[in-house]
Amino acid sequence: MAIQLFVPTFDVEACIEEIRECLEKGWTGLGFKTVQFEEAWKKYTGFSNAHFLNSATVGLNLAFEILKEQYDWSEGDEVITTPLTFVSSNHAILLSGLKPVFADIDAYLCLDPVDIEKKITPKSKAVLFVGFGGNTGQYERVVELCVKNGLKLIVDAAHMSGTRLNGKIPGDEADVLVYSFQAVKNLPTADSGMICFKNTDFDTIVRRKTWLGINKDTYARFANENATYKWKYDVEYVGYKYHGNSIMAAIGLAQMPHLDIDNAYRRQIAEWYTKGFEEYSEKIKIVPIPKGCEPSRHLFQIIVEDRDGLMAYLNKNEIYPGVHYTDNTQYRMYAYANGTCTKAAYVSDHVISLPMHLRLSYDDVQYVIKTILEYVCNNG
Ligand SMILES: *Cc1c(COP(=O)(O)O)cnc(C)c1O
């Protein structure tokens with residue numbers, strides 16, 4: 001059997017039970033389960049606000065749009081960001097009329113605070129931090145730097161569902177965090193996400209914007225049987241149709257009790273890989289985890305000399321790893337910064353994400369290790 005990078009695993013019975021409630025009630029849209037899931041996520045994270053979305057991508061777009069409006073940023077104001085991320089992080093900056101300014105990464109593949117500091121200009125307004133693979137990098141130093149320089153902090157937490165730092169879910173310090181519950185992320189649905197603003201007024205705004213700018217959701221009107229004018233609503237913004245729905249929220253609710261258990265198994269897999277490569281640290285560099293961080297282990301990544309050769313060899317043996325990510329400055333819209341982040345450029349050519357999902361057995365992991373060692377030890 002082929003070994004894939006990611007395969008989502010669902011608690012099928014629990015998902016169907018939650019979805020059944022939606023279908024029987026006749027309520028599959030905004031409200032009902034979306035409210036329950038938001039409450040469950042606030043309780044789990046300890047954050048004061050959480051709004052359920054149809055993806056993390058739209059959440060990132062709205063994060064920049066709302067911060068820009070609320071803090072009166074100008075066209076072309078700068079956001080310091082990483083070149084090593086899924087393009088939706090950086091597209092969000094561009095789409096809001098802001099300029100991505102790329103800083104280099106550190107050993108954890110997260111933004112390097114030393115390089116962030118070098119990239120600060122009078123036009124800098126914010127930092128976009130990606131908790132790469134579910135690790136927290138030097139998050140605390142990035143927070144300090146933002147405070148010191150009056151920069152807003154946006155966290156792309158797409159990989160971070162369940163990550164702890166010093167025993168708690170990190171993020172209280174950030175202005176906004178965006179989680180992804182896309183199918184291959186640690187809390188799988190099909191497509192959905194969550195945006196968590198520190199400022200409750202911004203949470204109110206984002207709720208309006210994700211439903212066309214309308215200021216009262218259908219469910220509240222549905223529930224309020226006695227209102228005479230329950231068909232009436234105001235439209236405050238030119239908004240979008242970005243909110244999540246009850247079917248996705250139902251899957252999220254069913255999966256939530258599994259998140260910490262699933263992540264513990266992901267850490268077990270990571271330990272098996274780590275042990276397997278222990279004696280080969282010259283040829284295989286494991287991306288480290290910072291002190292105090294209990295990672296979600298969305299990814300387990302190694303850095304090797306001949307990545308493309310190894311990838312081809314693994315594919316020949318029916319193992320299909322992935323690459324996270326291509327240095328974004330290689331894409332045309334970010335090419336103005338090509339060559340400015342040499343560490344990210346190196347990692348982009350040498351990193352490989354090994355299979356990491358709940359259906360992998362101990363034997364599968366050993367087979368992946370053995371196949372990698374065969375190639376790496378016989379080819380330079
Ligand atoms: C998956 C991912 C996103 C986008 O999430 P969607 O829910 O698919 O929109 C954004 N950033 C990173 C780092 C991701 O891995």
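Taking the simple approach of a point 7 Å from Cα along Cα-to-Cβ for both residue 204 and residue 191, what is their distance in nm?
Simple spin-label model gives 3.1 nm for this pair.
Mean-square fluctuation check for the chain, GNM, Cα pairs under 10 Å: which of 164, 332, 141 is largest?
332
Based on the mean of other beta carbon atoms within 10 Å per residue, what is the order of 306-315, 92-101, most packed first?
92-101, 306-315
Return the distance in nm (one decimal) between the two label points of a simple spin-label model at residue 342 and residue 268, each offset 7 Å from Cα along Cα→Cβ.
If labels sit at residue 342 and residue 268, their model points lie 4.3 nm apart.
Label 7 Å along Cα→Cβ of residue 149; segment 72-108 residues with amide nitrogen under 13 Å?
78-82, 101-104
Solvent-accessible area per residue for segment 259-378 at a 1.4 Å probe radius, Å²?
With the other protein chains kept in place, segment 259-378 gives 48 Å² per residue.
Express in Å², to the nearest 10, the accessible area of residue 237 obtained by rolling a 1.4 Å probe over the protein heavy atoms while all chains stay in place.
70 Å²
Round to a whole number: what % of the accessible area of segment 10-98 belongs to carbon and sulfur, probe 1.4 Å?
Numbers: 1890 of 3580 Å².
Of all accessible area on segment 10-98, carbon and sulfur atoms account for 53 percent.
Considering only C-alpha atoms, what is the centroid distance from segment 232-289 to segment 123-183, in Å?
First find each Cα centre; the distance between them is then 15 Å.
Over all distinct alpha-carbon pairs, what is the Kirkwood Rh of segment 3-258 in angstrom? Spell out each step's value before the answer.
Numbers: mean 1/r = 0.0529 Å⁻¹.
Here the Kirkwood hydrodynamic radius works out to 18.9 Å.
As a test of reading the structure, rank 198, 125 by solvent-accessible area (1.4 Å probe, protein chains only), most first.
198, 125
Quick query: amide H of residue 126 versus all other amide H atoms, modeled in the peptide plane; which residues come in under 5 Å with a sequence gap of 5 or more or a different chain?
Hits under the 5 Å cutoff: 80, 152.
Quick one: order 350, 258 from most to least accessible surface, probe 1.4 Å.
Order by accessible area, largest first: 258, 350.
Name the aspartates and glutamates eligible as straight-distance cross-link partners of residue 148: C-alpha to C-alpha under 14 Å, and not fewer than 8 places from it in the same chain.
117, 140, 173
5 Å is the cut-off here: which amide hydrogens, built 1.01 Å from N in the peptide plane, fall below it relative to residue 176, excluding neighbours closer than 5 in sequence?
The list, which skips near neighbours in sequence, is 153, 155, 198.
Taking the chain as the reference, fit the longest principal axis to its C-alpha atoms, fit the long axis of helix 259-277 to the helix C-alpha atoms, and give the angle between the two in degrees, 0 to 90, nearest 10.
10 degrees
Quickly estimate the mean residue ellipticity at 222 nm for the chain, helices only: each DSSP H run with n ≥ 4 gives -39500 (n - 2.57), and the total goes over all residues, rounded to 500.
Here the helix-only value at 222 nm equals -12000 deg cm²/dmol.
The values are calculated or read from the model by the stated rules, or taken from the named source; none is laboratory data. All values derive from a computational prediction rather than experimental measurement. Ideal geometry is used to build each Cβ from the backbone, glycine not excepted, and the neighbour counts take in all protein chains shown. When the accessible area is computed, the model is the full protein with side chains, heavy atoms only, and any ligands, DNA or RNA have been set aside. Shrake-Rupley method; radii C 1.70, N 1.55, O 1.52, S 1.80 Å.
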